[in-house]
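The values are calculated or read from the model by the stated rules, or taken from the named source; none is laboratory data. Treat the numbers as computed from the prediction; the structure is a model and nothing was measured. As a convention, Cβ positions derive from the backbone with ideal geometry for all residues, glycine included, and neighbour counts pool all protein chains shown.
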């Protein structure tokens, strides 16, 4: 892998309403679909040769839209559980709390960072691909970025905007 790009899924219904969606299934909004289309158009010259997605439908939908924009077969998108969103436990479906930290019943920061380290190991084994795109979630993106560069803290690090392309490697 020469380059690793990360995209947070397009705006979802629960994002729009300000609720924790975590592992709760929620559809993309029309804005989210438009974000995915724009992101795909931006990625047309990146020579993406592998797309990996979280198993949640908002990320799969985003990845499929991007794939269609860059002439990548949606059938070749790899779905991997390591890239799933943080488990917000009892906060799923509740109003968003900024600076959550470690909250009882919520997947700990330590755990998501360990999961991100396993995800990076998985990505590093994809040796036949030069330009990998991961379509996932904000918390996983921050954890992955922290694992790649531990000078960037997981907590209080810049958020990933919906549909934003971030080069991690």
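A few remarks follow.
- Taken over region 69-89, residues that are within 30 Å of residue 42 (Cα to Cα) and in a loop (DSSP other than H, G, I, E, B) amount to 9.
- Exactly one residue out of 66, 132, 52 is closer than 23 Å to residue 26 by Cα, in contact with a strand residue (DSSP E or B) (Cβ under 6 Å, 6 or more places away or on another chain), touching a residue at least 60 places away in the same chain (Cβ under 8 Å) and not in a loop (DSSP other than H, G, I, E, B), and it is 52.
- Residues in region 43-58 that are closer than 23 Å to residue 2 by Cα and within 17 Å of the chain's Cα centre (by Cα): 43, 48, 50, 51, 52, 53, 54.
- Matching residues, region 77-98, being modelled with pLDDT of 95 or more and in contact with a strand residue (DSSP E or B) (Cβ under 7 Å, 6 or more places away or on another chain): 77, 78, 79, 80, 83
- Counting the residues of region 2-22 that are at pLDDT below 95 and buried (at least 17 other Cβ atoms within 10 Å of the Cβ) gives 6.
- Residue list for region 7-26, restricted to those being in contact (Cβ under 8 Å) with a residue 40 or more places away in the chain and part of a loop (DSSP other than H, G, I, E, B): 9, 10, 11, 18, 20, 21, 22, 23, 24
- Identity of the residue in region 90-126, in contact (Cβ under 8 Å) with a residue 60 or more places away in the chain and not in a loop (DSSP other than H, G, I, E, B), that ends up surrounded by the most Cβ atoms within 10 Å (Cβ to Cβ): 123
- Residue 25 satisfies every condition listed in (1) surrounded by fewer than 16 Cβ atoms within 10 Å (Cβ to Cβ); (2) under 19 Å from residue 143 (Cα atoms) except (2).
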